[in-house]
Amino acid sequence: MIIGIGVDVVAVSRFAEQLRRAPALRERLFTPAERGLNVRSLAARFAAKEAVAKALGAPAGMNWQDCQVVCDSAGDPHVEVVGTVAEAAHAKGVERWHLSMSHDGDLATGMVVAEGSLQ
């Protein structure tokens, strides 16, 4: 059963400017494993994290580092959640995440489907 759907679009150039102006933002939004990626990849991951938050109903107190996008050996991205995000997902009955990310020109997109059983 689909518990929630989320989508977000990020302007890569605007996101790059925000990271340049506020370097601490990179550490607040991304896990150590994500921080070294190029700005297009970071923008897509931020869009994915925003999409996760939307799929969960934008829970208060969500720690951005408790949601991470990782790629498997084939390069396919997956959502991993821990801490505050895992707690919110568990409370809603989320058991699996489906993720799609895309880049085109100056846009990065993240879309997620939260699947599970209602609590």
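Each value in this text was obtained by applying a stated rule to the coordinates, not by laboratory testing. Values in this document were obtained by computation on a predicted structure and should not be read as measured data. In this analysis, Cβ positions are derived from the backbone assuming ideal geometry, glycine residues included, and neighbour counts consider all displayed protein chains.
Place a +1 charge on the Cβ of each Lys and Arg in the chain and a -1 charge on the Cβ of each Asp and Glu, then give the dipole magnitude about the Cα centre in debye, rounded to the nearest 20.
Details: 12 positive and 14 negative charges, 84 e Å.
Its charge dipole is roughly 400 debye.
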Exercise for review: Select from A91, T31, A74 the residue farthest towards the positive end of the dipole of the chain; place +1 on Cβ of Lys and Arg, -1 on Cβ of Asp and Glu, and compute about the Cα centre.
Suggested key: T31
Exercise for review: Treating only the Cβ atoms of Lys and Arg (+1) and Asp and Glu (-1) as charged, compute the dipole magnitude of region 1-62 about its Cα centre; round to the nearest 20 debye.
Suggested key: 180
Point to revise | Simple label model, 7 Å out from Cα along Cβ direction - A86 to A58, nm | key: 2.6
Review point. Efficiency by 1/(1 + (r/R0)^6): what FRET value for R96 and L118, r their Cβ-Cβ distance, R0 = 25 Å, to the nearest 0.05?
Key: 0.95
Point to revise | Order of R14, R45 - criterion: other Cβ atoms within 10 Å of each residue's Cβ, fewest first | key: R14, R45
Check your understanding: Once you put a point 7 Å from the Cα of H78 and another 7 Å from the Cα of A24, both along the Cβ direction, what distance in nm separates them?
Key -> 3.5
